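Take a look at the structure below.
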Ligand code: 13P
């Protein structure tokens, strides 16, 4: 078993999942302002430190994805943030892409950037304690999109990123996100997501990435948020499993879903059903941002000094998702 495979399995052991707390300063500002909190470095840190020192970090959260600002910050007890996370029992991780930019040649689509100087940045993050990294490619579904150009160029970037990350002895999270925005049906999402993921693995293999030392972070198969097509949670789970079974090589140890705009309960319920039906060897867990933080952020914004109350809400959400990652969640466990 390779060292990278061990890290990936440790992050996902016993139903553990990943907290995606890697919102860029721009995105975090939007989140904080939506609950009337000023977005200062101190407030961003206070909310995040509140989450990172919660008890679920030991029982339920195997890894935390950080943003560059946070991995360099110190906690109120003067601990480095990656050390705080490790002491709680989780692995610190870092988002290393520099964002999705207009794709030349298809200006209505995006390609993710950040390869220039990446090898040097990775060395720095490794020294700061990072055990894994994240890079997100993003795809829109319309009549003509995602184009072959967008599928090809994002897969190429994800593969070059993954190869550099493994060279630096960290586990790359490979995140191709097919967005749920739009009028498309679940079947269209299934077709496009399958194409996107297959191309990613074609490139990962070409770039000699060790597939036992990555974590795939895909979207679930959903109908677009403006679609007339309504499918049940059970169908979402079955289509998601069918897509992954047909497009992900069996060496990959784990798949952690993004929540992508689903509500907290929806994201938990769908993950639970995926695990109930899971007849693969893949660990299927979560790497949620909004679906882990939304209620905690709302509560915290009413009194930013109420650390305990905020942690209680976050602990509950993490616990529910860890149960879902084992197919053991049910609605009556919700508060
Ligand atoms: P959401 O779960 O809010 O989609 O965020 C996950 C993530 O890391 C997106 O890149």
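Every number in this text was worked out from the coordinates using simple rules, so none of it is lab data. Note that the coordinates shown come from a computational prediction; the quantities given were computed from them, not determined experimentally. Cβ: placed from backbone, ideal geometry, glycine included. Neighbour counts: every protein chain shown.
In percent, rounded to a whole number, the relative contact order of segment 260-335 is 44, using alpha-carbon pairs under 8 Å and six or more apart. When the chain is treated as a Gaussian network with alpha carbon springs shorter than 10 Å, the biggest mean-square fluctuation among 71, 231, 214 belongs to 231. Label zone of residue 33 (point 7 Å out along Cα→Cβ, amide N under 17 Å): in segment 179-219 this covers no residue at all.
Scoring 120-133, 285-298 by mean Cβ neighbours within 10 Å over their residues and listing the highest first yields 285-298, 120-133. Potential lengthening of the chain between residue 205 and residue 280 amounts to 24.9 nm, from the contour at 0.36 nm per residue minus the alpha-carbon distance. In the chain, the calculated helix contribution to ellipticity at 222 nm averages -14500 deg cm²/dmol per residue, counting -39,500 (n - 2.57) for every DSSP H run with n ≥ 4. Approximating the spin labels as points 7 Å out from Cα along Cα→Cβ, the residue 266-to-residue 148 distance works out to 3.4 nm.
Got the relative contact order for segment 1-104 handy, in percent, Cα pairs under 8 Å and 6 or more residues apart?
Details: 115 pairs, mean separation 31.0, N = 104.
Normalised by residue count, the contact order of segment 1-104 is 30 percent.
Result for the chain in a Gaussian network model with C-alpha springs under 10 Å: among 272, 281, 169, the largest mean-square fluctuation is at 281.
Normalised by the number of residues in the chain, what is the relative contact order in percent for Cα pairs under 8 Å and 6+ residues apart? Once normalised by length, the contact order is 19 percent. Tell me whether segment 165-309 comes out rounded, prolate or oblate; compute the Cα gyration tensor, take square roots of the eigenvalues as a ≥ b ≥ c, and use a/c under 1.5 as the rounded threshold. Oblate, because a/c is 1.5 or more while a/b does not exceed b/c. Select from 309, 62, 254 the residue whose mean-square fluctuation is largest in a Gaussian network model of the chain (Cα-Cα springs shorter than 10 Å). Among 309, 62, 254, the largest mean-square fluctuation in the Gaussian network model of the chain belongs to 309.
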